[in-house]
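The values are calculated or read from the model by the stated rules, or taken from the named source; none is laboratory data. Predicted model, so just to flag it, every value in this text is computed and none were measured. Here Cβ is always computed from backbone atoms with ideal geometry, including for glycine, and neighbour counts include all displayed protein chains. Side chains included, ligands, DNA and RNA excluded: accessible areas come from the protein's heavy atoms. Shrake-Rupley method; radii C 1.70, N 1.55, O 1.52, S 1.80 Å.
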Amino acid sequence: MKKRALISVSDKRGVVDFARALVELDFEIISSSGTARVLKENGIPVIEVSEITGFPEIMGGRVKTLHPKIHGGLLAVRDNPEYMQQLKQQGITPIDVVAINLYPFEETVKKGADLDEIIENIDIGGPAMVRASAKNHKFVTIIVDPDDYDFVIDELRRNGETSLETRRKLALKAFRHTAFYDSVISAVLNEKFGIDEKFPYELSLPFRKRSTLRYGENPHQEGAIYVSPVEYSGLSVAESEVLHGKEMSYNNYLDVEAAVNLVREFDETACVIVKHNNPCGVAVRETQEEAYREALARDPKSAFGGIVAFNRPVNLETAKALTEIFLEVVIAPDFDVDAFGFLTEKKKNLRLVRVKNMDKNPEGLDYRRVSGGILVQDRDLRLYEEWKVVTEREPSPEEVEDLLFAWKVVKHVKSNSVVIARGKATVGIGPGQTSRVDSLETAVKKAKEFGFATEGAVIASEAFFPFRDSVDEAAKHGIKAIIQPGGSIRDPEVIQAANEHGIAMVFTGMRHFKH
């Protein structure tokens with residue numbers, strides 16, 4: 001008795017050659033609808049599913065393979081005499097090889113189809129056959145990826161059958177495939193149905209591997225990057241285009257994410273320089289080159305080997321400035337032709353990364369891994385709840401601009417954090433300290449190290465001041481205005497300290513911890 005293969009694919013890549021090779025190996029081919037037509041047009045003998053089942057396709061093809069004569073052939077345990085006797089009684093022939101890929105649901109969504117068409121492209125029979133074949137992998141070879149056709153054919157030619165190890169690998173891939181498919185459907189319909197279920201009881205997240213990375217955070221750790229097909233479409237760092245330079249690393253992606261999130265805060269022409277997930281220099285200026293040079297000047301030592309992000313296409317003048325020190329990555333919504341040519345000629349290894357829609361900050365959720373689970377929260381996209389001057393002195397218009405600038409920056413600095421700013425540029429940044437006074441002292445130290453006076457500058461703190469000590473310390477360095485969330489039980493004495501020193505203070509009513 002000839003062996004049987006069932007082929008039903010939406011992605012027709014390589015299917016004709018695959019089926020022809022199976023026929024040469026003395027397989028009968030079962031198929032349906034479009035796949036059967038393509039195979040017949042290429043001279044490959046095909047048995048239609050309806051010939052096997054004795055039942056026509058109905059409901060526009062919605063029901064065709066959901067039949068005992070198909071699933072019996074897939075699920076029969078070949079070394080179970082009772083099962084095999086039942087197959088014989090029912091006139092069912094076992095199916096040995098199955099090649100299926102599913103209705104193009106994801107592609108249908110991406111082309112902007114309406115809800116009815118999207119739902120019509122939810123595959124039912126395909127996943128059922130894939131899962132049945134994968135469950136019975138002891139006897140059935142299931143293929144869901146056209147890239148595996150040649151591998152399977154080679155093994156069949158060498159051995160007459162696939163190995164159990166191969167069938168297990170393909171079965172695992174098949175289960176992952178259907179799980180991914182269902183998770184995409186769940187995510188899309190959650191949005192399309194308008195059901196406000198942000199934190200469902202059961203959560204499945206679809207991700208597809210973009211590439212294996214050279215290593216993870218450190219060389220002894222393996223790493224890869226995965227892309228969500230449903231989140232932040234067209235806006236994400238995971239989808240960014242590496243136009244030139246060395247392969248991106250795990251840490252590069254983390255730093256690019258940090259830089260992009262910060263530079264998206266600004267409508268004006270801005271430059272952000274990031275090192276190890278923290279900004280080390282940020283500036284807003286009339287021209288891009290000025291913004292870059294000002295950001296670089298704030299901490300050129302940390303900027304060496306850093307990540308630079310712009311919210312405007314990189315022009316030639318900026319490109320020339322970028323070649324003056326060693327940088328790892330430059331990110332922008334695009335690169336002017338002459339700027340791109342100059343950079344690629346001068347800096348062979350410099351990674352040039354294009355992130356689209358840099359003027360948009362995508363909504364969604366953040367996921368953080370903890371042992372045995374994940375933490376899920378809203379992305380931190382809001383800036384402040386209120387703008388409340390709590391001191392006797394009001395900040396001047398210039399101070400208001402600098403306070404708003406500093407507040408945007410400190411939101412993206414690891415806690416505890418303090419940012420000193422003046423003239424829409426950072427003067428000193430104090431990231432990731434265990435006390436707020438230490439963060440302030442670090443920021444002051446950075447300012448002095450690179451020759452920037454703190455007199456007349458402003459301070460932003462991402463969380464409230466628990467004591468007046470930070471205000472007293474700020475006054476020693478000539479700080480004229482402070483922005484912070486407020487909310488401490490000692491707010492009155494903190495405000496009193498600011499009044500004693502003639503410092504204007506603004507409460508935002510919104511904390512921006514970053515861990």
Pairs, first free of Cβ contacts under 8 Å to residues at least 60 places away in the same chain in the range 86-111, second part of a helix (DSSP H, G or I) and open to solvent by less than 50 Å² (accessible area, probe 1.4 Å), C-beta under 7 Å, six or more apart: LEU87/GLY72; GLN90/GLY72; ILE92/GLY72; ILE92/GLY73; THR108/ILE118
Residues in the range 261-288 that are surrounded by fewer than 24 Cβ atoms within 10 Å (Cβ to Cβ) and either more than 20 Å from LEU403 (Cβ to Cβ) or of a type in the set (S, T, N, Q) (or both): how many? 9
Within the range 412-431, can one find any residue that is of a type in the set (D, E, K, R) and under 13 Å from HIS512 (Cβ atoms)? yes
With the structure loaded, tell me whether THR442 is in contact with a strand residue (DSSP E or B) (Cβ under 9 Å, 6 or more places away or on another chain) and over 30 Å from TYR292 (Cβ atoms) or whether it fails that test. no
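Take the conditions in contact with a strand residue (DSSP E or B) (Cβ under 6 Å, 6 or more places away or on another chain) and modelled with pLDDT of 95 or more and apply them to ALA174. Does it pass?
Values: in contact with a strand residue (DSSP E or B) (Cβ under 6 Å, 6 or more places away or on another chain): yes; modelled with pLDDT of 95 or more: yes.
Yes; evaluated as a whole, the condition is true for this residue.
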Return the total of residues in the range 309-327 being under 16 Å from ALA295 (Cα atoms) and not in a loop (DSSP other than H, G, I, E, B). 10
Of all residues in the range 289-311, which are surrounded by 21 or more Cβ atoms within 10 Å (Cβ to Cβ) and not small (Gly, Ala, Ser)? TYR292, LEU296, ARG298, ASP299, ILE307, VAL308, PHE310, ASN311
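Within the range 313-352, can you find the residues that are among the basic types (Lys, Arg) and either open to solvent by less than 10 Å² (accessible area, probe 1.4 Å) or touching a Cys at 6+ places or on another chain (Cβ under 9 Å) (or both)?
ARG351
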Out of (1) open to solvent by 50 Å² or more (accessible area, probe 1.4 Å); (2) hydrophobic (A, V, I, L, M, F, W, C); (3) at pLDDT 95 or above, the odd one out for PHE467 is which? (3)
Per the filter on the range 218-237, residues under 15 Å from the mean Cα position of the chain (by Cα) and either over 20 Å from PHE335 (Cβ atoms) or β-branched (Val, Ile, Thr) (or both) are GLY223, ALA224, ILE225, TYR226, VAL227, SER228, PRO229, VAL230, GLU231, TYR232, SER233, VAL237
Only one of LEU189, LEU156 that is modelled with pLDDT of 95 or more and either assigned to a helix (DSSP H, G or I) or open to solvent by 70 Å² or more (accessible area, probe 1.4 Å) (or both): LEU156
Could you grab me the full set of residues in the range 13-22 that are open to solvent by 50 Å² or more (accessible area, probe 1.4 Å) and in a helix (DSSP H, G or I)? ASP17, ARG20
Can you pull out the residues in the range 371-410 that are within 33 Å of the chain's Cα centre (by Cα), more than 25 Å from ARG264 (Cβ to Cβ) and open to solvent by less than 60 Å² (accessible area, probe 1.4 Å)? GLY373
Scanning the range 470-494 for residues that are crowded, with 22+ Cβ neighbours inside 10 Å and hydrophobic (A, V, I, L, M, F, W, C), the one nearest to GLU385 (Cα to Cα) turns out to be ILE483
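Would you check if there is a residue in the range 495-508 being farther than 22 Å from ALA259 by Cα, touching a His at 6+ places or on another chain (Cβ under 7 Å) and without any contact (Cβ under 8 Å) to a residue 60 or more places away in the chain? Show your work before the answer.
Of the residues in the range 495-508, the ones farther than 22 Å from ALA259 by Cα are 495-508.
Those still in the list that are touching a His at 6+ places or on another chain (Cβ under 7 Å) too: none.
So far as the range 495-508 goes, no, none of its residues is farther than 22 Å from ALA259 by Cα, touching a His at 6+ places or on another chain (Cβ under 7 Å) and without any contact (Cβ under 8 Å) to a residue 60 or more places away in the chain.
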Quick one: which helices (runs of 4 or more DSSP H) sit completely within the range 53-138 and have at least 3 residues that are open to solvent by less than 30 Å² (accessible area, probe 1.4 Å)? 68-75, 105-110, 125-135
The conditions are (1) open to solvent by 60 Å² or more (accessible area, probe 1.4 Å); (2) at pLDDT below 95; (3) farther than 25 Å from ASP336 by Cα, and SER233 fails exactly one of them. Which is it? (3)
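Could you tell me whether any residue of the range 2-12 is in contact (Cβ under 8 Å) with a residue 12 or more places away in the chain, open to solvent by less than 60 Å² (accessible area, probe 1.4 Å), part of a helix (DSSP H, G or I) and of a type outside the set (Asp, Glu)?
No, the range 2-12 contains no residue that is in contact (Cβ under 8 Å) with a residue 12 or more places away in the chain, open to solvent by less than 60 Å² (accessible area, probe 1.4 Å), part of a helix (DSSP H, G or I) and of a type outside the set (Asp, Glu).
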